[in-house]
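Read the structure below first, then the notes.
The values are calculated or read from the model by the stated rules, or taken from the named source; none is laboratory data. Note that the structure is predicted; figures quoted are calculated from it, not measured. Cβ: placed from backbone, ideal geometry, glycine included. Neighbour counts: every protein chain shown. Only protein heavy atoms, including side chains, enter the accessible area calculation; ligands, DNA and RNA are left aside. Shrake-Rupley method; radii C 1.70, N 1.55, O 1.52, S 1.80 Å.
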Amino acid sequence: MYDIPFLDLPPLNGASGTVRLPGSKSISNRVLLLAGLAAGTTAVHDLLDSDDTRVMLDALRTLGCALRHERGPHGPVLHITGLGGRLAVHEADLFLGNAGTAMRPLAAALAVLAATQGGNFRLHGVPRMHERPIGDLVDALRPLGCTIDELGTPGYPPLRLRGSAGGGLATDTAIRVRGEVSSQFLTALLLALPLVSGAGDIAIEVDGELISKPYIDITLNLLVRFGIAVQRQGWQRFVIARGSAYHSPGSIHVEGDASSASYFIAMGAIAAHGGAPLRIEGVGSDSIQGDIRFIDAAVAMGAQVSSGPGWLQVHRGRWPLTGINLDCNHIPDAAMTLAVMALYADSPTRLTGIASWRVKETDRIAAMAAELRKLGAAVVEGADFIEVTPPAAGAWRPAAIRTYDDHRIAMGLSLAAFNALAGMATGGAAGPVHAPCPLRILDPRCVAKTFPDYFEALFGVATADVNDVPVIAIDGPTASGKGTLAAAVADALGYHLLDSGALYRATGVAAQWDGVEPDDEVGLARLAGLLDLRFGHGPLTDAHSSRAWLRGQEVSDQLRTEAAGLLASRVSALPAVRVALQGLQLAFRRPPGLVADGRDMGTVVFPGASLKVFLTASAGERAERRHKQLISKGISANITDLRADLEARDARDQSRSVAPLRPAEDALLLDNSNLSIEASVQQVLSWWQLRRPFR
Ligand code: DC
C-alpha cells in the first residue's frame, strides 16, 4: 500500500498478465454481519481486508463475536462465532469510518435488537460519513417502535439506538422504505428484520423507484446462504417468513470484487493490445454481483471479453473506443470507470441514472467532472448525469488528480496514465500523437477502502516505455549518507530502490563462496552476470527494509560488513564485472520509478536520469558521523584516524581509472555536512518537484 502524499504514474503503454482481485466489499461486509448475527461458527474464505471491512470486524468484536484468523492452505480464513440473534453486549460506541456497508446494516440490526433486548449503541464515522444520508432508514425503523436519536444533523449519522429489554416491535403492518436514495436502506432492513420475525411474517414495501437493484440481489442471495428465504414480489414488496432465524452455512467463500474488476476490464480494453490478454481472477461468469454487468458496457465501448467461472480475459477490441449513452442505475460504482474509459473514445460518452454518485464517498459527479477536465476532457454534469468529451489529440495535459478520500476516483483516474495510447493507431505503428503525460494521484492511500494493493496490482500488469520511467540518481563519497538518503527518497515517492553498491558487495561475497580469485576478471564477470540476488524492499508493504538474499540465503548483515566493502571495492574496479552487472541494474527501472544510489548511476547506468544528486559532505563531518555510529555499536574509534582513512579512500576513489568517484556533469551538488537526513530528503524532493510537470 502506498501511504504517501502522492504517487506519480509514468506514462503507461500496455497491459497484460494476470491480476488476482481482492474480495468483494459488498459481499464481505454482508457476510461478516450475517455471520456475526447467526448461530454457530462460520469460516469465511477470501474475505476482503480493507478499511471498510476492518471497521465492520472491529464492530463485531466489540459486540462480542468471537473472531479467529487462520492461515489456510488456500489463503487466510476468518472464523466468526455469531451471536445467535442474542445481544452479548448492550452498550457500545462503534466507529464505522466511511463504510456505508457497515453503517446502514449495523444501524438497522442494532436498532431492532436494542428495541427488543435492551441496549444503547452509538454509531459514528469520519466527517464524510456524517454527510451521507441515513434518514430514509431511520424513518423506516421508527414506526416499528425503534428509538433512534439523531446526534448530529437530522437524517445523518451519528445515531444512537436505544431500547429496554422486553420491548415489542410493530411488525404486523408493512414497513415502508424509500428506494431512490440508496439501496443500502432496503438491504439494511432485509438483514435486520429476520432477527425479529418470531411473531409473524414481516413485509417490507419500497416507496418510489428502487435504485441499484443488483445490490438487493446480493443481499437476497446471501440471506439464502444463512437460512432466510425472502419472498420477493417485483422490486416493490419483500416478505420475511415468520420464525426465520439465521443459521451459519459453516463455510462461505467471498468472490472477488466486480467493481474492482472494472478497472482491469477497462485496462484490458485500453491497453491489452499486444498478443497477450489481461486475465482477471476472482470473478467471472458465475458472479452474483451486479457490477459484473459492467462487462456489457465495456464491450459496447470496444472491449473484447471472454469469461468462465471465476475468471475474465480482456483484450482490446475496437480502437479507439466508442462513446456510449447509458443508463447506469444497475452499475452505479463501476460506471465511474466508464467515465474514464470515455477519455479514449472517438465520440462523447453520456452516463445517466447516477444521482446516487452525489451521496457516496464524495460528490462523485462533481469530483469526476473536475478531475477529467484537468486532463483535457470537456465535461458537462447535471443532477443525475455526466457527459464526457475526450481530449483532442495533443490536448492531454499532465494532471495532479485530487482523490477526495474516494477510492474509486483514485483507481478510475489512474487509467488516464495510458494516455500515450490515445489517438494512436492500432498496433502503435505511428507512435503516440502527443507527448505522453505523467499523472499524479494525490493521497493514493484512499484505495485502501476496498483495494489496498491496487497500485501494486496495476504495476504488476502495466508496461511502460523504459525511457518514460523516471530515475533519480544519488551518489557521493563513502559515508556521505547516500544510501540512507536514497532509501528515504524512494520511500517518499513510492519508487523502487537500487543500492548498486550491494550488487558489488554480493558479487564479492559470491566469489568468496565459490573460491573465485579477486583478480579473476572473467570468472567474476561470469558470477556477476548470474547473480541471484533478491531484495526485500520495494514500494510494497514492507517498505525499504533493505534485506537481501543471495542464492536464497539471507545476506543482509554480511553485505554491510567492512570485509564485503573491501571485496566490493576490488571487484568493482574490473570493467567486465561492471558490464556484467548492468543488465541487473537496468532491470530495476520499472514503474512507477527508481531511485538509484552508487558510483556511476548518473553517468554510465542511467545517464538520462531525470535528477542527479551528488553529496559533498566534508571528510570531517563524515568522520564524526561514522564515529558516532561505531560508538553506538560499542566499537571504539578515533576521529582523527577515521578522517584520515576517509580522505585516503576519497583520493583512491577519485583517481581510480575505472568508474572514478566524480559527480555527473549535470548533477546537483548537495552539501549535507550540516543537514539532517530529513532536511536532505526535503531538498531532493523539492528539486524533484521542480522537474515534474505538476503545479
Ligand atoms: O556504496 P558501497 O559502499 O556499498 O559500495 C561498495 C563498493 O563498490 C565501493 O568501493 C564503491 C563500489 N561501487 C561502485 O564501484 N559502483 C557502484 N555503482 C556502487 C558501488
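Taking the DSSP beta bridges with both ends in region 225-370, the antiparallel portion is around 80 percent. Helix 25-37 and the long axis of the chain differ in direction by around 60°, with both axes built from C-alpha atoms.
Fully extending the segment from residue 373 to residue 205, taken as 0.36 nm per residue of separation minus the present Cα-Cα distance, adds 56.3 nm. Can you classify region 518-666 as rounded, prolate or oblate using the Cα gyration tensor, where a ≥ b ≥ c are the square roots of its eigenvalues, rounded means a/c under 1.5, and otherwise it's prolate if a/b beats b/c and oblate if not? Rounded shape, in that the Cα axes give a/c under 1.5.
For residue 392 and residue 300, the difference between the fully extended length at 0.36 nm per residue and the C-alpha to C-alpha distance is 31.0 nm. Oblate is the label for region 345-421, because a/c, from the alpha-carbon gyration tensor with a ≥ b ≥ c as root eigenvalues, is 1.5 or above and a/b does not exceed b/c. Solvent-accessible area assigned to carbon and sulfur over the chain amounts to 51 percent, based on a 1.4 Å probe. A simple spin-label model places the labels of residue 645 and residue 686 3.5 nm from each other, with each point 7 Å out along Cα-to-Cβ. With the cut-off at 22 Å, tell me which of the pairs 213/360; 374/612; 360/449 have Cα atoms farther apart than that. Flagged as over cut-off: 374/612. Close amide H contacts of residue 668 (hydrogens built in the peptide plane, cut-off under 5 Å, sequence separation of 5 or more or a different chain): 612, 613, 614. When DSSP beta bridges are restricted to pairs lying wholly in the chain, around 60% turn out antiparallel. Per residue, the chain exposes 38 Å² of accessible surface when a 1.4 Å probe is rolled over the protein heavy atoms with every protein chain present.
A probe of 1.4 angstrom, applied to the heavy atoms of all protein chains, finds residue 360 with accessible area near 40 square angstrom.
For region 364-417, the Cβ-based charge dipole about the Cα centre amounts to some 220 debye (Lys, Arg positive; Asp, Glu negative; other atoms uncharged). Cross-link reach is defined here as a Cα-Cα straight distance under 24 Å, omitting same-chain residues fewer than 8 places apart; for residue 628 the lysines meeting it are 482. As a calculated quantity, the FRET efficiency between residue 229 and residue 380 at R0 = 30 Å, using C-beta atoms, amounts to about 0.10. Where a ≥ b ≥ c are the square roots of the eigenvalues of the C-alpha gyration tensor, would you call region 74-127 rounded, which needs a/c under 1.5, or, failing that, prolate if a/b is larger than b/c, or oblate? The shape class here is oblate. Accessible area ranking (1.4 Å probe, heavy atoms, ligands and nucleic acids excluded), largest first, for 636, 347: 636, 347. Considering region 220-367, its Cα convex hull presents a mean projected area of 10.8 nm². From the largest down, the chain spans 93, 61, 44 angstrom on the principal axes of its Cα atoms. When +1 charges are put on Lys and Arg Cβ atoms and -1 charges on Asp and Glu Cβ atoms, the dipole computed for region 137-213 relative to its Cα centre reaches about 220 debye. In the assembled protein chains, residue 18 presents an accessible area of approximately 80 Å² (probe radius 1.4 Å). Against the chain, whose longest principal axis comes from its Cα atoms, helix 364-375 is set at around 30 degrees. Entry note, the chain: the mean residue ellipticity at 222 nm calculated from DSSP H runs of n ≥ 4, each adding -39500 (n - 2.57), is -10500 deg cm²/dmol after division by the residues and rounding to the nearest 500.
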